[in-house]
Amino acid sequence: MAAARKQNSYRIAVASGKGGTGKTTVALNLAVMFGEPVQLADCDVEEPNDNLFLRCEQLTPHEVTMLVPEVDPQRCNGCGACGELCQFRGIVSLGSRALVFPELCHGCGGCALVCPTGALTERRHRIGTISVGQSGLIRQIEGRLEVGVSLVPPVIRGVRDQLLDDVPAILDAPPGTSCPVVATLRESDYLVLVTDPTPFGLHDLKLAVALAKELRLPCGVVVNRVGEDLVGLHRYCQDENLPILLSLPDDRQIAEVTSRGDLVALALPEYGLMFSELATKLKHNLTHPGGTP
Amino acid sequence: MSKDHIRELVVLSGKGGTGKTSVTASFALLANKAVLADCDVDAADLHLLLTPMVEQRHAFMSGHEAVIRQQDCTGCGICMDSCRFDAIRKDGTVCRIDPVACEGCSVCYRLCPDKAIDFPERVCGEWMVSGTRCGPMVHAQLGVAAENSGKLVTTVREQAWAVAVDKRIPLIISDGPPGIGCPVIASLSGVSLALVVTEPTVSGLHDLQRVLALARHFSVPAAVCVNKWDINPQQTEKIEAAARSAGAAVTGRIRYDRSVTQAQLQQKAAVELDSGAGDDIRVIWKQVTELL
Amino acid sequence: MNTIAFTTAGQELAAALDPRFGRAANFLIYDTAQKSTRIIKNQQGRSAAQGAGIQAAETIVRAGVDTLVTGHCGPKAFKVLAAADVQVFNCNAATVDEALHELLAGRLTAAENSDVEGHW
């Protein structure tokens, strides 16, 4: 995982099996109450929402590109090796020429490797934009997928590439457990799973925990909108040895503050305290691995 | 029954967690006869409310993965050097491929000088055909860390259509995936109506606009309803205005109501309980049936 | 126009014309000289996660087709077909047979471009 990085530069991913549990709310408010310089990476590149709350104005854009093949028609002899190798229909060979579909290309470089005449070179193709800005102590990194691009993980890898190695980072993951989430969680040191005490929440939490195990990531749970019977959830967490790091009540005020685009930790001080405590727990857990928070 | 007589409704949300699945389940109860399709294959939840009895299970294959035959591996590392996805590491004297990172591109399989790599088809999940108290249901579950290309969504839809034609059911109600990527596109193209369930927040408005743009792109008629509208009436009005200017019909509002969760705990849809939100959904359903 | 492909889920001229190209079940290939038909399954197009249209286009190009008649054709498929000099005709006839008659009677116009977005 992250053995090579300095002890202070741990990465906390905030994810959730299902959408709408409050993952972004947790990631944002945790960042705001972190108490020291921290990075917040919005990896939900299809629907990045973090900046709606932080409202960073000075965002420096960086292009995310992928290597896609370009055909030199003079050199192409129509042998078809490229089309035959390509698993994604990113390049297609037709009789005497080859056609490239950058939207489908995964950037594996295989076609250029097998081309016998050197007709294929690789060029940079834009698949998204990363914007970096500063809001108080938070260095914000936002990834945004270019409209029409179907391949998400490379843009998320682009976000991760912008992370500094000597400042702690919080990564706001996309919802679910498929490959965009995996791309976010790679090289993370700890996973905070946000759930709610509904049957949907518990069901999708289990999917997320299965993924965490697959990736060998230690994790803890934050329960949002507590107001209902939690027995099922508590029992599950106990059985799986998952610490419940924070429980947020089903307080309409939280919903109202968030719906306005404001941060709960700043608008309602009692919650500010709770997020501050969450930050302390996580910091302790990550700088003293092996101890329970 | 010819395909032309069948109507398909997809319920989408843009961002997740707006109550899309709860609304879909209620619609399933209110519809006279419908085939249900759970296209939210990454985090499928509809079955928690409709308690399906599984009648058929099928493995879902998509793409390939590279697997090293350890006994034939000489540890030369050519595969590792050529992998663009950082999926191959050295493990002692042999190389090992991380299946989660493997993109299935076939480069290592082609380059291995000892032909020590296999390239089988990948099992990415499963899909099921089941019976529920509201009618037949087609649903699926994508494997953990699998690629969500939309292919499984397409499979679910195709199977739902097959059931509808076979059982002469003129309506398909589909619980759509969140976001705007390939899975959503796969659930959206060619449907009769897309109903977007959103919430009165800044992200709700932002993501609604992206979904409506997508629906327009694919020439699919769209309608909108705001869930938990009373959390922020001002934002609700903003959203309804935005919907109208995007050419989408506004079908109604659902209030913030704890009974929706109560219903979930009892494995029921909101309309099956005495519920304010349930009543609001009934009104919306009426509007939706008129649009279909 | 010697070898014409029609998209269909069926197996003969009386079968319905499939409005989609990339995900069509079969291609019915009609040879104008021999007046004969054969079926090619669109296995790869239907099972492709992405690029179904491209796959389908490759299939018919490899089968020596020079004309395609279908309901709708997306941009990527169109690009492949145009590169291979396959003429595309959009037609909303109900059956392959009707579509064939429309085509031979000169009532269809060759498409200059794709007529729908991808994934349609």
Sort out which residues of segment A:212-231 are on the phi < 0 side of the Ramachandran plot, at pLDDT 85 or above and not hydrophobic (A, V, I, L, M, F, W, C), and write them in order of number. A:K213, A:E214, A:P218, A:G220, A:N224
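Does A:V26 meet the test of being in contact (Cβ under 8 Å) with a residue 40 or more places away in the chain, in contact with a strand residue (DSSP E or B) (Cβ under 8 Å, 6 or more places away or on another chain), aliphatic (A, V, I, L, M) and facing another protein chain (nearest Cβ under 10 Å)? Spell out how you get there, then give the answer.
Numbers: in contact (Cβ under 8 Å) with a residue 40 or more places away in the chain: yes; in contact with a strand residue (DSSP E or B) (Cβ under 8 Å, 6 or more places away or on another chain): yes; aliphatic (A, V, I, L, M): yes; facing another protein chain (nearest Cβ under 10 Å): no.
When the stated conditions are applied, A:V26 does not pass them.
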Which members of segment A:121-149 meet the condition of being surrounded by fewer than 23 Cβ atoms within 10 Å (Cβ to Cβ) and closer than 30 Å to A:R75 by Cα? A:T121, A:E122, A:R123, A:R124, A:H125, A:R126, A:V149
What are the pairs with Cβ atoms under 7 angstrom where one residue, in segment A:185-211, is within 26 Å of A:L40 (Cα to Cα) and modelled with pLDDT under 90 and the other, located anywhere, is of a type in the set (K, R) and surrounded by fewer than 23 Cβ atoms within 10 Å (Cβ to Cβ)? Sequence gap at least six, or different chains. A:E187/A:R160; A:D196/A:R225
Do you know which residues across segment A:235-277 are closer than 27 Å to A:R216 by Cα and either β-branched (V, I, T) or modelled with pLDDT under 90 (or both)? A:I244
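Being of a type in the set (S, T, N, Q) and touching a residue at least 24 places away in the same chain (Cβ under 8 Å) is the requirement here; does B:T261 meet it?
Working: of a type in the set (S, T, N, Q): yes; touching a residue at least 24 places away in the same chain (Cβ under 8 Å): no.
Spelling it out, it is not the case that B:T261 is of a type in the set (S, T, N, Q) and touching a residue at least 24 places away in the same chain (Cβ under 8 Å).
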Taking segment B:175-189 and the residues there that are among the small types (G, A, S) and more than 9 Å from every other protein chain (Cβ to nearest Cβ), the one that is farthest from the chain's Cα centre (by Cα) would be B:S187
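With respect to B:V202, is the statement that it is over 29 Å from B:P99 (Cβ atoms) and under 15 Å from the mean Cα position of the chain (by Cα) true? Walk me through how you get there before you give the answer.
Values: over 29 Å from B:P99 (Cβ atoms): yes; under 15 Å from the mean Cα position of the chain (by Cα): no.
Taking the combined requirement at face value, the residue does not satisfy it.
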Of the conditions (1) more than 9 Å from chain A (Cβ to nearest Cβ); (2) more than 29 Å from A:E256 (Cα to Cα), B:T198 clears all except one; give me its number. (2)
Pair list, Cβ < 7 Å and 6+ apart or interchain, from segment B:17-40 residues that are at positive phi to residues that are assigned to a loop (DSSP other than H, G, I, E, B): B:G17/A:K18; B:G17/A:G19; B:G17/A:G20; B:G17/A:T21
Those residues of segment A:185-200 which are closer than 19 Å to A:L245 by Cβ and more than 9 Å from chain B (Cβ to nearest Cβ), in sequence order: A:L185, A:S188, A:D189, A:Y190, A:L191, A:V192, A:L193, A:V194, A:T195
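Sort out for me the strands (runs of 3 or more DSSP E) sitting completely within segment A:1-96 that have 3 or more residues that are over 18 Å from A:G220 (Cα atoms) and touching a helix residue (DSSP H, G or I) at 6+ places or on another chain (Cβ under 7 Å).
Numbers: elements: A:11-15, A:38-42, A:60-71, A:91-94.
The strands (runs of 3 or more DSSP E) meeting that bar are A:38-42, A:60-71, A:91-94.
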Pick out the one residue from A:C115, A:C105 that is within 12 Å of chain B (Cβ to nearest Cβ), crowded, with 19+ Cβ neighbours inside 10 Å and farther than 30 Å from A:T287 by Cα. A:C105
Any residue in segment A:49-69 that is more than 14 Å from chain C (Cβ to nearest Cβ), at pLDDT 95 or above and either out of contact with any Pro (no Cβ under 9 Å at 6 or more places or on another chain) or under 25 Å from B:V107 (Cβ atoms) (or both)? yes
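What is the residue count in segment B:250-289 for residues that are of a type in the set (G, A, S), farther than 14 Å from B:V224 by Cβ and outside any loop (DSSP other than H, G, I, E, B)?
6
So, C:L13, is that one more than 14 Å from chain A (Cβ to nearest Cβ), assigned to a helix (DSSP H, G or I) and of a type in the set (A, V, I, L, M, F, W, C) or not?
Numbers: more than 14 Å from chain A (Cβ to nearest Cβ): yes; assigned to a helix (DSSP H, G or I): no; of a type in the set (A, V, I, L, M, F, W, C): yes.
Criteria not met by C:L13.
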Those residues of segment B:203-243 which are of a type in the set (S, T, Y) and closer than 20 Å to A:T21 by Cβ amount to B:S203
Scanning segment B:124-142 for residues that are crowded, with 19+ Cβ neighbours inside 10 Å and either closer than 19 Å to A:G17 by Cβ or of a type in the set (A, V, I, L, M, F, W, C) (or both) gives B:C124, B:G125, B:W127, B:M128, B:V129, B:C134, B:M137, B:V138, B:H139, B:A140, B:Q141, B:L142
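For segment C:28-120, give me every one of the strands (runs of 3 or more DSSP E) that falls completely inside it and has 3 or more residues that are more than 14 Å from chain A (Cβ to nearest Cβ) and without any contact (Cβ under 8 Å) to a residue 24 or more places away in the chain.
Working: elements: C:36-41, C:67-70, C:87-90.
It comes to C:36-41.
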Which members of segment B:251-292 meet the condition of being among the acidic types (D, E) and buried (at least 16 other Cβ atoms within 10 Å of the Cβ)? B:D257, B:E272, B:D280
If A:D165 satisfies all but one of (1) of a type outside the set (A, V, I, L, M, F, W, C); (2) more than 10 Å from every other protein chain (Cβ to nearest Cβ); (3) free of Cβ contacts under 8 Å to residues at least 60 places away in the same chain, what's the number of the condition it fails? (3)
Per the list (1) touching a Gly at 6+ places or on another chain (Cβ under 7 Å); (2) closer than 16 Å to B:S13 by Cβ; (3) of a type outside the set (G, A, S), residue check on B:V271 breaks on (2)
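Identify, from the list A:L282, A:L268, A:L273, A:L263, the residue that is away from chain B (no Cβ under 13 Å) and in contact with a helix residue (DSSP H, G or I) (Cβ under 7 Å, 6 or more places away or on another chain).
Details: A:L282 fails: in contact with a helix residue (DSSP H, G or I) (Cβ under 7 Å, 6 or more places away or on another chain); A:L273 fails: in contact with a helix residue (DSSP H, G or I) (Cβ under 7 Å, 6 or more places away or on another chain); A:L263 fails: away from chain B (no Cβ under 13 Å).
Unique residue meeting the criteria: A:L268.
Looking at segment B:201-237, which of the residues that are assigned to a helix (DSSP H, G or I) and more than 10 Å from chain A (Cβ to nearest Cβ) is farthest from A:E46 (Cα to Cα)?
Filtering first and then ranking leaves B:P233.
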Residue pairs qualifying under the 9 Å Cβ cut-off, at least six apart or on distinct chains, with the first in segment B:146-163 being more than 10 Å from every other protein chain (Cβ to nearest Cβ) and closer than 25 Å to A:Q87 by Cβ and the second being of a type in the set (S, T, Y) and in a helix (DSSP H, G or I), are B:V153/B:S187; B:V156/B:S187; B:R157/B:S187
Given the conditions (1) closer than 23 Å to B:D98 by Cα; (2) free of Cβ contacts under 8 Å to residues at least 40 places away in the same chain, and given that A:L217 satisfies all but one, which numbered condition is not satisfied? (2)
So which strands (runs of 3 or more DSSP E) are wholly in segment B:88-189 and hold at least 3 residues that are of a type in the set (D, E, K, R)? B:88-91, B:121-132
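The values are calculated or read from the model by the stated rules, or taken from the named source; none is laboratory data. Quick caveat: nothing in here was measured; it's all calculated off a predicted structure. Neighbour counts run over all protein chains shown; Cβ positions are idealised from the backbone, glycine included.
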